[in-house]
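Since the structure comes first, as C-alpha cells, the remarks are kept for the end.
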Amino acid sequence: MPVITLQYDDLEKLTGTDKETIINRVPMIGADIERIEEESIDIEFFPDRPDLYSVEGVARAMRGFLDIETGLPEYEVHPSNVSIFVSQDILRIRPFLGSAVVRGVKFTSSSIKSLMDLQEDLHWGLGRNRKKVSIGVHDLSNVKPPFRYMAIDPSFEFVPLDYTEKMSMTEILEKHPKGKRFAHLVRDFDKYPIILDADDNVLSFPPIINGTLTSVTEKTTDLFIDVTGLGEAVYTALNIVVTALAERGGRIESVKVIRPDCEELILPDLEPKSRLLTKSEVKSLLGMELSLEEIVKQLERMRFGAEVLDEEIVEVKVPAYRADILHNYDLIEDIGKGYGYENIKLRIPETYTAGKAHPISLIRSPINEIMVGLGYYEVMPFTLTSEKINFENMRRQKTDDVTHVLHSISEDQTMVRTALLPNLLEILALNQHRELPQKIFEFGEVVRNEITRQHVAAVSIHPQANFTEVYEVVDAFMREMMLPYEVKESEDPAFLEGRRADVYIKGKKIGVFGEFHPEVISNFTLGYAVVGFELDMTDLINEFKLIG
C-alpha cells in the first residue's frame, strides 16, 4: 500500500487546522500512520482510495471529516481552445486518452514533489505499474496546441527527461532508466506511442518518459495533463490529478479529444454520479438505526452530496475523483467512518463463544519483534503475482507446483506466489525515490502444490550491501528463534555464485540467502546492491513447538 509523505506546513495550510488535530483524527478515515517526523508525517492509505495519495486529497477529506468544509466539492471546468487529435494507428497500442489544462498553479518545491509523488502512486495503484494508466504532466508554456497522440517509428529522436542529448525511442528503451524499466510495455509493437505539439515538439513518450522540454519547475503556472492507458481508469486518474491541482487554486480547463472511432470527448468530466441509498440498507449493514438527517450529515462529512428524497431514500452524489464507490456498501462504510466507529455502542453478542489466537498469529509476534529489532520494516504485498516476476525476473526455472488464477483480469496477477522475495524486490523498485538504506521483511503465505506454507523473507538495499551483512542477519534471526542450523553452498540462480548459501535444519533445506545476481537487480530496475534471505517456517512451527 502506498505511503504518502505529508509536509506539516502544507497540510495545515490546505486543511485549515493544526497538525495535532490531523494526526489524531486521520487514522479514522482509513489510514495507518507509519512515522511522525519533525517536519512531516508518513501515512499509509488503502489502495482503494487513490484520491488520498496527495496532500491535497488528504486535506480535502480532512476538511470534511473535521466539519470545516462539508458536502460535495464543486469544481468548475472552463472551456479552452486546446485540442488533441488521436490517430487511428494508436488505437491498437494504447487506445485510451484523457487530457486537461490547469492554469494559475503556484508551485513550490514541496508542491512539485507532491504532484510527482501523486503521479507515481497513481501509476502503481490505478495503473498497475503504468500498464493500465500512465500520466504526463507538462509545462504548457513551452509547447503549442493542437496536440497529436499517435504512433511513430522507433527511430524518432527527442531529448528525454533528465537528459541533454537526443536519443531515439529505441535507445531510450535500452539506455534510459525509465526506458529499461518499462520497455516491456511497448517493445512488442512496430511503432511507439508519442504526443507531439503543433511544431512537432515532444511532450511525452507514454508510458515511458516525458520530453525534457515540458519539465515542471517552480516557475511553471500552466499545465497540460495527458493520461493514457488501456481502459476507462485513465479518466479517473485524470479527475484525481486535476482536482488535486484545483485544491491549490488551479483553474481547470477542458480539452477536446478528437478520436477517429467516436464523437469528440470534452474532458475532464467532473460531473458527480448519482446513487440511491435506503435507510434500511444502512441499518442492515451498520446494525443501528440512523435518521435520514444523520445519514445525510455523515455523507456530507465524507464529502458526498446528499439529499433526502422521501422517508426511506437518500440520493447520493459521488465525486468524480472517488474510484472506490462500486456499491452502496461502500457508501455505508463511509457513513460508518463519518459517524465514528468509536461512537458505535458496544453490544454483547447473544451467542457466547470462546476464542483463542490462531497458531500463525502466535509465531508472527516473535518473528516481527526480531526483524524489527534488526532494523527492518514490515510490508504486506499482494499474494498474487505473475510468472515473469516470480520466476523470470529471479532467474529461476518455472516449476509445476504453481496455482494459477483461472480467470485473471491482469497479466500482473496470474498466479499465487511461490516465494516472498520477488514481491519484496518489487517494493524496492517502487520506492527508489526514497533514501537508502531500505530494509524490509515479510512473514506471509506462499502456495505450492495447492498447499499453503508460511515463509519469512527480508531484503536490504544500499551501496555496501554484501554477503556478510545478510549472513549476520540470518544468524541473528536463527539464534533468537533458538533454531540450530547449518549452511551449505547454494546453487540458487537468483544469487551470485560464491555469495549464496542454503540453510538446513536437521539435514533438511529450509531456505536460502545471499547477494542477488546483477541480472536480478537489473530485472527489477534497482541501481544498488541488494541482499536477502527467505526461510520456510512451516515445518518448524510444529516440530520445534514454537506455538501451542
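The values are calculated or read from the model by the stated rules, or taken from the named source; none is laboratory data. Computed from a predicted structure; not experimentally measured. Glycine also receives a Cβ, built like all others from the backbone with ideal geometry; neighbour counts cover every protein chain displayed.
Numerical summary
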read-out: Residue check for VAL216: closer than 18 Å to THR108 by Cα, within 25 Å of the chain's Cα centre (by Cα) and at pLDDT 95 or above; value: no
read-out: Condition check for PHE189: buried (at least 22 other Cβ atoms within 10 Å of the Cβ) and either farther than 20 Å from PHE524 by Cα or modelled with pLDDT of 90 or more (or both); value: no
read-out: Filter pass, VAL133 being among the aliphatic types (A, V, I, L, M), touching a Ser or Thr at 6+ places or on another chain (Cβ under 8 Å) and crowded, with 23+ Cβ neighbours inside 10 Å; value: yes
read-out: Hits in the stretch 304-349 (condition: closer than 15 Å to PHE65 by Cβ, surrounded by 18 or more Cβ atoms within 10 Å (Cβ to Cβ) and among the aromatic types (Phe, Trp, Tyr)); value: PHE304, TYR339
read-out: Selected residue (only one of VAL159, VAL82 is surrounded by fewer than 17 Cβ atoms within 10 Å (Cβ to Cβ), over 23 Å from the mean Cα position of the chain (by Cα) and of a type outside the set (Gly, Ala, Ser)); value: VAL159
read-out: Selection count where residues are in contact (Cβ under 8 Å) with a residue 24 or more places away in the chain and either in a loop (DSSP other than H, G, I, E, B) or surrounded by fewer than 15 Cβ atoms within 10 Å (Cβ to Cβ) (or both), scope the stretch 507-540; value: 12
read-out: Filter result for the condition that a residue is assigned by the TED database to the domain that holds ASP197 and either within 17 Å of VAL242 (Cα to Cα) or under 25 Å from the mean Cα position of the chain (by Cα) (or both), over SER99, SER87; value: SER99
read-out: ASP261 vs. criteria surrounded by 17 or more Cβ atoms within 10 Å (Cβ to Cβ), under 22 Å from ASP197 (Cα atoms) and of a type outside the set (S, T, N, Q); value: no
read-out: Hits in the stretch 359-417 (condition: among the small types (Gly, Ala, Ser) and on the phi > 0 side of the Ramachandran plot); value: GLY375
read-out: Matching residues in the stretch 455-469 - criterion: being buried (at least 19 other Cβ atoms within 10 Å of the Cβ) and either out of contact with any Lys or Arg (no Cβ under 9 Å at 6 or more places or on another chain) or not assigned by the TED database to the domain that holds ASP401 (or both); value: HIS455, VAL456, ALA457, ALA465
read-out: Identity of the residue in the stretch 256-272, at pLDDT 95 or above and either of a type in the set (Lys, Arg) or under 27 Å from the mean Cα position of the chain (by Cα) (or both), that ends up nearest to GLN298 (Cα to Cα); value: PRO272
read-out: Any hit, the stretch 417-430, residues being surrounded by fewer than 17 Cβ atoms within 10 Å (Cβ to Cβ) and touching a Lys or Arg at 6+ places or on another chain (Cβ under 6 Å); value: no
read-out: Tally of residues being acidic (Asp, Glu) and part of a strand (DSSP E or B) across the stretch 420-457; value: 2
read-out: From VAL234, VAL227, VAL242, VAL282, residue being buried (at least 19 other Cβ atoms within 10 Å of the Cβ), in contact with a Gly (Cβ under 7 Å, 6 or more places away or on another chain) and not in a strand (DSSP E or B); value: VAL234
read-out: Tally, over the stretch 350-372, of residues that are modelled with pLDDT of 80 or more, assigned to a loop (DSSP other than H, G, I, E, B) and hydrophobic (A, V, I, L, M, F, W, C); value: 1
read-out: Which numbered condition ALA419 fails, given (1) touching a strand residue (DSSP E or B) at 6+ places or on another chain (Cβ under 8 Å); (2) without any contact (Cβ under 8 Å) to a residue 40 or more places away in the chain; (3) of a type in the set (Gly, Ala, Ser); value: (2)
read-out: Of residues in the stretch 38-79 being among the small types (Gly, Ala, Ser) and outside any loop (DSSP other than H, G, I, E, B), the one surrounded by the most Cβ atoms within 10 Å (Cβ to Cβ); value: ALA59
